[in-house]
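Structure, as structure tokens:
The values are calculated or read from the model by the stated rules, or taken from the named source; none is laboratory data. Owing to the predicted nature of the structure, the values given are computational and were not obtained by experimental measurement. All Cβ positions, even for glycine, are placed from backbone atoms using ideal geometry, and neighbour counts span all protein chains on display.
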Amino acid sequence: MESFDINSLITDLALILVLGAVATIIFKMLKQPVVLGYIVAGFIASPHFAFFPSVATEANIEFWAQIGIIVLLFSLGLEFSFKKLLNVGGSAVITALIIVTGMMGLGFVVGKLLGFPAIDAIFLGGMISMSSTTIIIKALSDLGMRQRRFVPMIFAVLIVEDLFAVVMMVILSSVAVNQTVQGDQMLSSILKLSFFLIQWFVIGIYLLPTLFKRFRKIISDEMMLIISMGLCFSMAVFAVKSDFSMALGAFVMGSILAGTAEAERIERIVGPIKDLFGAVFFISVGMMVNPQVIADNAGTIALLSVVVIVGMIIFGTFGMLATGQPLKLAVQSGFTLTQIGEFSFIIASLGMSLKVLEPSIYPIIVAVSVITTFTTPFFIKSADGVYNMLERVLPSKWTRLLNGYSESASQNEMSEARQIWNRVIKRYIIRTVLYTVVIIAITFLSNTYLDPIFDSIFNPRWSNFVGAGVTLLAISPFLYGILSPAVRNRERNMLVEQSGNVSYVPIVVMWVTSLVITQSLIMSVLYSYEAFSSQVSILVSMAIIALIALVFAPLLRERIKRVEQRFIGNVNVRENRRTGRDNTLVSDLHLAYMTVGHDCPFIGERLKNADLRGKYGINLVNIQRGGRLYPVPTGEMRIFPGDVLGVIGNDEQIQRMLPLVEASSLAEAPSSTDNVRLTHFTISEQSPIIGKPLKKARLREDYEALLVAVEREQEYLTPQLDLVFQPGDILWIVGEPKRLKPLHS
């Protein structure tokens, strides 16, 4: 067994972390994103920089970098719950498809112009078609732009791109080996990926929120860290065993945990680990920079860098516009996607392992990745300026056309009857797919683990009967779930009210489809255990369907109802916690937790002045601020953005309170959050805002600040647009103190 040199591992880690710390301090002082400092630190620690001690073993850094990718993708998953993925999926898929196909075609053309062989040009197109999730996450975090309006759409596109990458690698492997695309292999890969995702989302959403809720009182932060990271790496292992990447498995587990009530807590606990290993990953990218390769291929690298940047801007912006997004969001998105990263390296490694890619292309792609990584923060920051220029330059007719298309695309102008049918069909498809995946998973587990046990107890004939019977018994509630009526009585009555009658064609089509799927699933179980011949299996499956639908329907209906209630409750656990629906105290009173937004009308006020009980009928029982909980707050406490309020009220009171408390224009908030905090100061007669109303003071535009409250003669005034600033006013304001200095110096 090969010995493991722990000394070199620790020495290398110490060297790159010290260099990373120094570089980030310097880049912070220069007001540049720290990700650039990590890349510079990696270059200094690499063997290519002869004026400084280098790492002893580059494989050690690769080891830490792989952990960094896993933790970064896990952290990204924590921000993208399964429910959120479904909500943004359509636009994200179309946008990602436009970007990937457009960039692959552009990369192939450029590759051929550079004289690359056809197979190299195809791989080049694949390598430049994927934006870097990790680089974008880090750049947006460093720039303080994670809460901007366009960011959720960008994250959704990146995740879809990562899923496309899995399919692309199968296609590229087929092209490399067979010089053609094998459709059956590609379809098999897509189905396998879909099955993997659905299977683990269903299992995770059904089990994890329930377990966290049951053991919440005894799970400390230390235990939660161990549990969450254990789940992360376990899912990464399962993904590898299923022939997917560790990064995909980590993202899946993060998305599952994002749907639990502990998501914010897990994200806070995992944060330092993400920062540590994320830094190591970007340092490892910097270590791949080879000045000699850059010098020898400077023209090619420069051309590919321009192709990546310009292509991503064009296809990213067009993709967003095509899905009905407004011009500003489309431009911001396109300018954020201007880089390539980890998947480019993976695709390049695949081509080299298949011996179809020229080894010289790998360092070129690394150099392009480093260059585009350096430029990414600058393009992100320049997006607003480019949009403002376009708004001035473009004819007003074009602007109105784009905005009109965006508004019409976002409006769902359908009749109520059609909306009902859309809801019914969507629910039917989701239920059928989920139950089918669960049935296939149970059948697989039964064949894999129970079959050997039955073989050891019974003779072969009886073993097959027992195995088939146990499996059918286990999947019977889900078979009933597929067979159950697609249209509910309430929906049928609403359809009758809307159109006078109900069209039974869709109902019959769905029922026949359910019947075919159910019989196929039952017969697959019978075939897998070889319990009956083909002809007998058909009759037996029909008899089982009759028993499920006619005899055991009441029992199975109750079982599947409990399963669905738990699953739906777990999917909506964060929403229910926010509205208090899962936390009923007495009668119709609920305990709800809502986060204070930046435009909440009573920010900065003392609780006794806000009079929440008198105005809204609710009782404030606690305030969570950061990691500290204030139970039964006094009337002297003030409410600030980011506070989590625990309130008691009925449904009507809580629903009326929620939009007020959570009101926030943070989507268009200032982009810089370096040293941003809540502060207060007195303005003098020389202040540039004296005598100006709030609407003309330009606090957001010129100072990147948010006014919370104005203290005047020991009275706290809620900011209003017509509020005029006077000498001696004390401003309670959120911003960077250095930027606010002109207001009071």
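Filtering the range 608-648 to residues that are crowded, with 18+ Cβ neighbours inside 10 Å and either without any contact (Cβ under 8 Å) to a residue 12 or more places away in the chain or more than 23 Å from H590 (Cβ to Cβ) (or both) leaves R638, F640, P641.
Among the residues of the range 298-321, the ones that are under 10 Å from L337 (Cβ atoms) and among the aromatic types (F, W, Y) come to 1 in all. Would you confirm, using the coordinates I've provided, whether R739 is surrounded by 13 or more Cβ atoms within 10 Å (Cβ to Cβ), of a type in the set (K, R) and closer than 27 Å to G144 by Cβ? It is true that R739 is surrounded by 13 or more Cβ atoms within 10 Å (Cβ to Cβ), of a type in the set (K, R) and closer than 27 Å to G144 by Cβ.
Of all residues in the range 30-48, none are over 18 Å from L158 (Cβ atoms), at pLDDT 75 or above and in the same structural domain as V308 (by TED's automatic domain parsing). Out of G311, G324, G299, G286, one residue alone is among the small types (G, A, S) and not in a helix (DSSP H, G or I). It is G324.
So, A705, is that one hydrophobic (A, V, I, L, M, F, W, C), exposed (fewer than 13 other Cβ atoms within 10 Å of the Cβ), under 23 Å from V151 (Cβ atoms) and modelled with pLDDT under 80 or not? Considered against the rule, which asks whether it is hydrophobic (A, V, I, L, M, F, W, C), exposed (fewer than 13 other Cβ atoms within 10 Å of the Cβ), under 23 Å from V151 (Cβ atoms) and modelled with pLDDT under 80, A705 comes out as no.
In the range 622-638 there is at least one residue that is at pLDDT 80 or above and under 20 Å from G735 (Cα atoms). I'm checking my understanding of the structure. Among residues of the range 217-269 that are part of a loop (DSSP other than H, G, I, E, B) and of a type outside the set (D, E), which one is surrounded by the fewest Cβ atoms within 10 Å (Cβ to Cβ)? Ranking the qualifying residues of the range 217-269, first place goes to S220.
Yes/no per residue for (1) touching an Asp or Glu at 6+ places or on another chain (Cβ under 8 Å); (2) modelled with pLDDT under 70; (3) at positive phi; (4) in the same structural domain as P485 (by TED's automatic domain parsing):
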| position | (1), (2), (3), (4) |
| --- | --- |
| S382 | no, no, no, no |
| L394 | no, no, no, no |
| R400 | no, yes, no, no |
| I420 | yes, no, no, yes |
| V424 | yes, no, no, yes |
| T436 | no, no, no, yes |
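Has the range 662-673 got at least one residue that is out of contact with any Cys (no Cβ under 6 Å at 6 or more places or on another chain), surrounded by 14 or more Cβ atoms within 10 Å (Cβ to Cβ) and modelled with pLDDT of 80 or more? Checking the range 662-673: not a single residue is out of contact with any Cys (no Cβ under 6 Å at 6 or more places or on another chain), surrounded by 14 or more Cβ atoms within 10 Å (Cβ to Cβ) and modelled with pLDDT of 80 or more.
Residue pairs whose Cβ atoms lie under 6 Å apart, sitting 6 or more positions apart in sequence or on different chains, and linking a residue in the range 83-101 that is farther than 20 Å from V331 by Cα and in the same structural domain as S333 (by TED's automatic domain parsing) to a partner that is buried (at least 16 other Cβ atoms within 10 Å of the Cβ) and modelled with pLDDT under 85, are K83/V571.
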